[in-house]
Amino acid sequence: MNWTLLGAVGATGSGFVLLNAGWWKLRHRPAFALVLGEHGRVMAANVTWLAWALPVAELALGLGAMTLVLPPSTRGGLVFPPTWLPMLGMVVLGGIFAGYAGVQLRRGGRPRCGCLDSHDRFGPHTVLRALAISLGGLGGLAGRLTDADGTGPLPSPVWAMTVVAGGLMVAVVLQVGLPLVANSGDSAGGESAGGGSAGGGSADGDRRPPRWHQLADHRRTRHLTGDQQPP
């Protein structure tokens, strides 16, 4: 099994997720600042610089992961430090966020996440996505270390296409697949609690717009006050 290629695919997929998350936060910084304000006094007190620091860090790590698209034979020894540093950052960032989300869920809190949009709330999928990003960083580190001789196991065009295609598949699963599964579970739970009647329905399902609409349109949350809930 080609561990170097698998590590590159996993790290690149995690990098795509971080690029999307960082870009959304930076583009919708006022909405993200309101989301941060829901996470307690410490976050609210530092929201000004955190609303900048978190997206910039995610974008930097995501861009760093994109270097794994280049075959090992074209990177050379001089590029090694910039390659493993973002991988290590992904491990640390993903691990910290997974722990934080796990603590929030254990306490019964479900604040808005601000990971990919301003509607997404903490849930098991949040922890799994953060752990997957951390594992993607570990995979990138392992793949780079196992290729210490710097030789590419595949021709350059095949390597690049494989890493990009595999990374996009990983990113789609993490960004769309996990939340869809979580939302469908919440909707089923709401319908069961309401007796399955057409009039009762799912409160969460009624409040949540379709996932694709969440990713496409954030204008409704741009002027939310701190104690308002998103539609």
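Here, each number is a calculation from the coordinates, and none is a lab measurement. All values reported here derive from a predicted model rather than from experimental measurement. So basically every Cβ, Gly included, is an ideal-geometry build from the backbone, and we count neighbours across all protein chains shown.
Quick look at the values:
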| read-out | value |
| --- | --- |
| For the stretch 128-134, Karplus couplings with θ = phi - 60° (6.51, -1.76, 1.60), whole Hz, Gly/Pro x | 5, 5, 5, 5, 5, 5, 4 |
| Full-extension gain in nm, V176 to L88, via 0.36 nm per residue minus C-alpha separation | 29.2 nm |
| Electrostatic dipole magnitude of the stretch 89-138 [Cβ: Lys, Arg +1; Asp, Glu -1; Cα centre; debye, to 20] | 220 debye |
| Distance (nanometres) between label positions extended 7 Å along Cα→Cβ at V56 and Y100 | 1.7 nm |
| Cut-off under 5 Å, modelled amide H: who pairs with G114 long-range | D120 |
| FRET efficiency, 1/(1 + (r/R0)^6) with R0 41 Å, evaluated for W3 and R29 via beta carbons | 0.60 |
| Whole-Hz couplings from phi, Karplus 6.51/-1.76/1.60, listed for the stretch 156-171; x for Gly and Pro | 3, x, 5, 4, 4, 5, 5, 5, 5, 5, x, x, 5, 4, 4, 5 |
